[in-house]
1. Of the residues that make up segment 524-532, is at least one open to solvent by 30 Å² or more (accessible area, probe 1.4 Å), under 20 Å from SER628 (Cα atoms) and not in a loop (DSSP other than H, G, I, E, B)?
2. Give the residue that is farthest from GLY84 (Cα to Cα), with candidates limited to residues of segment 410-449 that are among the basic types (Lys, Arg) and part of a helix (DSSP H, G or I).
3. Yes or no: THR62 crowded, with 18+ Cβ neighbours inside 10 Å, of a type outside the set (Phe, Trp, Tyr), modelled with pLDDT of 90 or more and within 30 Å of GLN156 (Cβ to Cβ)?
4. I'd like to know if segment 509-520 contains one or more residues that are under 16 Å from VAL579 (Cβ atoms), in a helix (DSSP H, G or I), out of contact with any Lys or Arg (no Cβ under 6 Å at 6 or more places or on another chain) and open to solvent by 40 Å² or more (accessible area, probe 1.4 Å).
5. Output the number of residues of segment 397-409 satisfying the condition of being part of a helix (DSSP H, G or I) and open to solvent by 30 Å² or more (accessible area, probe 1.4 Å).
6. When only residues in segment 533-562 that are over 18 Å from PRO575 (Cα atoms) and of a type in the set (Val, Ile, Thr) count, which is surrounded by the most Cβ atoms within 10 Å (Cβ to Cβ)?
7. Mind listing whichever residues of segment 65-84 are surrounded by fewer than 22 Cβ atoms within 10 Å (Cβ to Cβ) and hydrophobic (A, V, I, L, M, F, W, C)?
Amino acid sequence: MLRIKRMDTFILQSFLPLFVMTFCICLFIVLMQFLWRYIDELVGKGLGVDVISELFFYAALTMVPLSLPLAILLASLMIFGNLGENFELTAMKASGISLLRTMAPLIVLMVMIAIGAFFFQNYALPVAQTKMYTLLYSVKQKSPELEIPEGAFYDQIPGYNLYIESKDRETGVLYGMMIYDVSKGFENSSIILADSGKMSFTDSKTHLFLQLWSGESFENLKEAASGMRNVPYRRETFDVKEIMVPFDANFNRIDEQGMRNQYVGKNIAELRATIDSVGHQVDSVGDLYALSLRQAPRVNLAPFIFEADSTGRMHRVATPLANAPARKIDVDSVFRGSSSGIRLGYLQQALQRAQRERQEYEYRAITVAEDLKTIRRHSIEMMKKFTLSFACIIFFFIGAPLGAIIRKGGLGTPLVISVFLFIFYYIIDNMGYKLARDGKWPVWQGMWLSAAVLLPMGIFFTYKAVNDSTLFNIDGLKNFFSTLLGLKQKRNIDLKEVIMDEVKPALAMERLSELETLCRDYLADNPARQGYTAYWLKGYDRVGLTGLRELQEAIVERVANTRSRKILFKLREMPVLRVTWLLQPGRSPLFAKAMIALFPLGVPLWLLGRRMQSLLRADLTTTVTVSSQIIKLFQDEQS
C-alpha cells in the first residue's frame with residue numbers, strides 16, 4: 001500500500017511541474033495573439049505601464065479557458081510519453097499495475113481542476129471579462145500621443161490638420177507651420193501660416209495650447225455672408241498669436257456597469273434570470289402578434305374575441321364581434337360590377353394595405369429576432385461554464401493514453417500532436433459556436449459539438465492504451481488498402497541455405513499444370529469486357545479468385561524449396577493475384593439493382609472496376625506464362 005502511495009506521489013510530482021510549464025507557455029502564446037490583434041489600439045496612445053499591465057492581467061485571466069485544455073493535453077502527453085520512453089510504464093505493468101491505476105491520481109487531479117474551472121468560469125471570468133473589455137474600450141477612446149512628424153500632415157487632432165517643415169527637439173520649437181482648421185466645417189475653414197511656433201498642454205490636459213510667431217491667417221466668412229453673392233474672407237497678419245484647441249490627452253475609464261449588464265459579465269444565476277425574462281417577453285409579444293392577426297377583420301371571415309384563461313393561454317369566445325358582417329360578401333361580383341377606375345382604386349388600396357402590414361410584421365420580426373439573439377448569446381455563455389470543465393477531462397483522456405501509446409517524451413512529438421489536436425478541437429468548437437450563435441442549430445448542440453466529437457477519440461485511445469494495442473499498424477493498413485484498391489504487390493523469394501523438405505519436380509510440375517489450367521478456365525469464364533449492367537449484376541467471381549490465389553500461394557511456397565537459382569528467379573516473376581471488392585461490387589442483389597437504377601452515380605466505380613479486371617487478366621496471363629516456363633525449367637533439369 002505504501003508503494004502505491006509513493007507511485008501516486010511520483011506521478012503527481014512528475015506531472016505538476018510539466019503542467020505549470022505548459023500552461024504558462026500556452027497562456028503566453030494566446031496572450032501574444034491578443035497583443036497582435038489589438039496592437040494598433042495600444043501603440044501611440046502614451047499609455048502608462050500600469051494601464052498596460054492591468055490590461056494584460058485581465059486578458060490573461062480571460063484567456064485561461066483557451067489555454068487550460070491545451071496545457072492539460074500537452075502535459076499529459078509529455079508525462080506518459082516520458083514514462084513509456086523510459087520503460088517505467090512497462091515496469092509498472094510488469095508489477096501488476098494497470099494503466100488506469102497509474103492514471104488514477106491524475107484523474108482525481110483532473111476532476112479537481114474541472115471543478116475549479118467551473119467556479120472560475122462562473123465567478124472570476126465574468127469579472128475579468130468586464131474589466132478587460134471596459135479597459136480596452138477606454139484605451140480605444142483615448143486620443144493618440146501627440147507626435148507631429150516633419151514634412152507630413154498630421155490629422156490626429158479632431159478638426160485640424162497640421163504641417164511642419166522641421167522642429168528643434170531640444171527646445172520644442174516648430175518651424176514652417178501650416179494649420180488647417182476645419183472644426184466648423186469645410187466651408188467655414190481657416191488657414192494659419194506661421195514662421196515658427198510652440199505647443200504645450202494645459203494643466204488639465206484637456207486642451208492644446210499653440211503659441212505662433214510671425215505669420216498670417218485666412219478665414220472664410222460664409223456664415224456672415226447670408227444673401228451675398230460673393231463670400232468674403234478675413235486676412236490677418238500677426239507677430240504673436242495664441243490658439244486653444246480642444247484635445248483630451250487624459251486616459252478616462254468608462255463606467256463598467258454597461259459591460260456588466262452584457263452576457264460576458266454575468267454568472268449562471270444572472271444568465272438564467274435574463275434568459276427567463278427575455279423569453280417571457282418574447283412569448284408575450286408573440287401572443288400579442290398572434291392575437292392581432294386573429295382579430296384582424298377579413299372579408300367573408302367574422303373576427304372573434306379571444307380571452308386569456310388562468311394559465312395565460314388565449315381561447316376564442318364563440319360570439320363574433322358586433323361589427324362582423326351578417327352575411328357573406330361576393331367579392332368577385334362587387335369587383336366586376338365596378339368601373340375600371342374604381343377597380344384600379346381597389347387594387348391600389350389592397351396593395352398599399354398589404355405593403356403596410358408586411359412592413360409592420362417585418363419590423364415586429366426584427367424586434368423578436370433581436371430578443372432571440374439575446375437569448376442565444378446568454379445561453380451560449382451559460383453553456384461555456386460547463387464545456388470548459390468537460391474539455392479538460394476529455395483532453396486528459398486523449399493525451400495520457402496517446403502518450404502511453406507513442407512512447408515519445410520531450411517537447412517535440414507531443415507538441416506537434418497537441419497542436420494538431422487542439423487546432424482540430426478549436427475548428428470544431430468554433431463551428432459549433434457560430435451555428436448556435438446564428439440560430440441554425442440549438443444552442444446545446446452547437447456548444448457540445450466539440451465534446452461529442454472528441455469523446456469517442458478519448459474512449460478509443462484509452463481502450464487502445466489499456467489493451468496494449470498499436471494505434472496504427474502500418475503493415476496492416478498497407479495490406480488493407482492494397483487489397484481494397486488492387487495495388488500490385490511485390491513478391492520476395494530468397495534462396496534458402498538449408499532446405500529440410502526439398503520440392504519434388506514431378507509433383508511441382510503437376511501442381512503448376514493444375515494452376516495453369518485453372519487460370520485459363522477463369523479467364524474463359526469471365527469476359528474481358530463487361531457492360532455496366534453485367535458488371536453490377538455479375539462482375540468477376542471473387543470466391544473462385546480467392547481459391548485460385550490460395551492455390552497459387554501454396555504452390556509458390558512449395559516450389560520455393562528448390563536449390564535451382566533459375567527456378568527461384570523465375571518464381572519471383574509470379575504475380576500476386578489481386579482480390580479486391582471492385583471486381584464484384586454487386587454481390588448484394590438489392591445494392592446492384594439500386595446502382596443500376598442510379599445509372600450516372602455508378603459510372604466512376606464501373607470504370608475503376610473495369611481497370612481492375614484488366615489488371616487481373618494481365619496477372620492471370622502472366623501466371624500461365626510463368627507456370628509454363630517453370631515447368632520447362634524442371635524438365636530441363638531432369639533431362
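1. Yes, some residue in segment 524-532 is open to solvent by 30 Å² or more (accessible area, probe 1.4 Å), under 20 Å from SER628 (Cα atoms) and not in a loop (DSSP other than H, G, I, E, B).
2. ARG437
3. Judged against the criteria, THR62 is a match.
4. Yes: one or more hits.
5. Adding up the residues that qualify gives 3.
6. THR562
7. Across segment 65-84, the qualifying residue is only LEU66.
Residue by residue, here is whether (1) closer than 30 Å to SER53 by Cα; (2) of a type in the set (A, V, I, L, M) holds:
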{"residue": "LYS131", "(1), (2)": "yes, no"}
{"residue": "ILE148", "(1), (2)": "yes, yes"}
{"residue": "TYR163", "(1), (2)": "no, no"}
{"residue": "SER190", "(1), (2)": "no, no"}
{"residue": "ASP195", "(1), (2)": "no, no"}
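The values are calculated or read from the model by the stated rules, or taken from the named source; none is laboratory data. All values reported here derive from a predicted model rather than from experimental measurement. Glycine also receives a Cβ, built like all others from the backbone with ideal geometry; neighbour counts cover every protein chain displayed. Quick note on the areas: whole protein, heavy atoms, side chains included, nothing else; ligands and nucleic acids left out. Shrake-Rupley method; radii C 1.70, N 1.55, O 1.52, S 1.80 Å.
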